[in-house]
Amino acid sequence: MLISEIRPSTVAGVKRLASQLKKQHGIKHSDALDQASRAAGKANFRHALRSLPRAGNRPEIHYVLLTIYWSDKDRRHQCGRETLKIDLSKPIHEICSKNSLKYVRGFGNLRMVADDHFVCDSIAPSQEYARERLCTAERSLRFMECTGLRPSRDLRKLDTRGHNNEKLPNLDHSTDWFDPSTGQYFLIDEPYSGAPDEKERTAWAKRNGWRIEKTSWPGMYRPYDCDLYVATNSRYDSDIESIVKRINDMPNPLVAENWDGESSSSWDTFCSPMAETAQDRRRARCKGMIYPSASKATVPYNFNPGTSRRRPIGELGIEGHIEAGRIIKGVLRSEFAPYGARSRMSSLRSDLEDWLSLEIGRGQLEGPEFFDVYYRENDADKSHQVTPRSSAEVVASLDVLRKKLAAAYPNCAPLRQQLRRIDISIAMTESAAKAPR
C-alpha cells in the first residue's frame, strides 16, 4: 500500500508514520510505532529511538502525493478518498515552480499543503472521476519531467492565427510550453484521433512558417482517444526533433483503468509524512469538507463545497452602492484608466454587486433597478455622470471609492482584497501617466 512505501529517517518521521498506520489499521499505538520502526529498517521503536536522529534536515523529496476526496450520490452517497503517489527523479519544485503548476492540466485546483502533498478542495462526484483527475495530473507532471518543458503564459509567442487571421485547423486541447534551458517555445496540440485533416494542417504550416510533428505517445489529455502533436513557429528556430524524441521515449501514460494509488472508503484527512505540525495537519484538510461559519468580521455565502466565498459584516448602504457604482462606471469610461485598472474595476464591481444583493432587504431594488447600480446607466446616473478627464481625476475617483469601502466595512480579508485592487489600479494609472507618449 502507499503508506507502507514510506521509509522514515528520523524518530519524528517514525511517529508520523505510526499515526497514519494506527488510523488506517485501527491498531494500538505501540504496535503502530513498532511497525513504523520496521519500515525505517529497525527492529522496533526502542531500536529506532537508539539509532535514529530525533530530527534532522529534510531529505530531498523525490515523490509527491496527490489527494482528491469524492462523494457519489448515485451510489447512496458513498464517499472516500483517492491518493496517488508519484515517484520523481528530482524534487517537484525543480520540475515546475509552485506558481506555474496552477497552469498545468490536472493541477488547476490542487492546493499545495506540504512539500510533498497536494489536495483538491472540491469534492469529486465519483471515485472514477477522482482517479481520472489524478491520472491527468500525473501525466502532466511526467510530461514536464521527461521533456524539461514548462507551461508558458506568453500567448503572443505561439499565436496560432496565421495570415489573414487564419487559425491552425483542428486545433484542440492545446497548451503552450517553453524550454527554460534554451528559451524555445512549443505548442502541444491534442485533437481527437482522426479529426485533423493532415493535408490541410501541412498546407497551413507551410503558408505560415510553422512545423507540426505527430508523436507516438498517447498524450496527456485523453490517452488513446487523442493524438499528441508538437508544433512551433519556425522563426524561433526551435529544436522540435529533440522534443519529439523525448516525448516518444516516455513510458505509457497512467490511466484510471490501471489505478495503482491508495483508495480509502472514509473522509478521514490524509496527512503526508512532511506534515509535521498541527498547522500542517489543518492545512491538509479539504476545504470542501469544511462547513463555513461566520467570524467576527465576515460571513460566508455561495455555499458550494470548496468554493464558498466570504463578505464583510457591515453595509455600504443602497446610496453608498449607487455612488460606488457611478465611480466605477466613470473609471471604466475614462480613456485615462489603463487596461489593468479597468480589468480590476470590473472584478471589483462584480463582487460589490454580490455584497449589495446580500445587504438589501426584500422588495428593495427589484428588477432593472438592481442591475442599474453597477452595470447600466439610468436617467439618474446621467445627471451625476462624471467621466475622469485626466489620470489625476481617475486617481482621485479611486481614492474616494477606497475611503468609502474602508469606512463602511471592518478590516478583513474580503475587504483587503478589494482595497488592493483599488491600490494597484491607482499605481497603474499613475505609472501610465508618467510613461512617455
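The values are calculated or read from the model by the stated rules, or taken from the named source; none is laboratory data. All values reported here derive from a predicted model rather than from experimental measurement. Virtual Cβ from ideal backbone geometry, glycine too; neighbours counted across all protein chains shown. Please note that ligands, DNA and RNA were not included when accessible areas were found on the heavy atoms of the full protein model with its side chains. Shrake-Rupley method; radii C 1.70, N 1.55, O 1.52, S 1.80 Å.
Of note:
- For the chain, the 222 nm mean residue ellipticity estimated from helices alone, with every DSSP H stretch of n ≥ 4 adding -39500 (n - 2.57) and the total spread over all residues, rounds to -12500 deg cm²/dmol.
- Contour excess over end-to-end distance, with Cα ends at Glu353 and Val400 and 0.36 nm allotted per residue: 15.1 nm
- Structure-derived Rg/Rh (Cα atoms, Kirkwood Rh): which label, when the choices are (i) 1.04; (ii) 0.96; (iii) 1.46: (i)
- List Tyr221, Tyr339, ordered by accessible area with a 1.4 Å probe, largest first: Tyr339, Tyr221
- Near-label residues of the stretch 84-101 by backbone N, under 17 Å of a point 7 Å along Cα→Cβ of Asp268: 84
- The residues packed around Asp423, meaning those with a beta-carbon under 14 Å from its beta-carbon, carry a net charge of +4 if Lys and Arg are +1 and Asp and Glu are -1.
- The phi-based Karplus calculation (6.51 cos²θ - 1.76 cosθ + 1.60; θ = phi - 60°) puts the 3J(HN,Hα) values of the stretch 233-239 at 7, 4, 5, 8, 6, 7, 7 Hz, whole numbers, x for Gly and Pro.
- Residues of the stretch 124-281: accessible area per residue with a 1.4 Å probe, Å²: 49
- Label-point separation in nm, Leu332 to Arg76, each point 7 Å along Cα→Cβ: 5.1
- Residue-normalised accessible area of the stretch 283-437, given per residue in Å² at a 1.4 Å probe: 56
- Protein accessible area in the chain, 1.4 Å probe - carbon and sulfur %: 48
- Averaged over residues, the count of other Cβ atoms within 10 Å places the peptides 62-75, 414-427 in the sequence 62-75, 414-427, highest first.
- Heavy-atom accessible surface of Met289, to the nearest 10 Å², is about 50 Å², with a 1.4 Å probe and all protein chains retained.
- The count of lysine pairs in the stretch 277-405 with alpha-carbon distances below 22 Å, taking only pairs 8 or more places apart or on different chains, stands at 7.
- Under 5 Å from the amide H of Trp210 lie the amide H atoms of Ser234, each residue being 5 or more positions distant or on a separate chain, with H modelled from the backbone and absent for Pro and chain starts.
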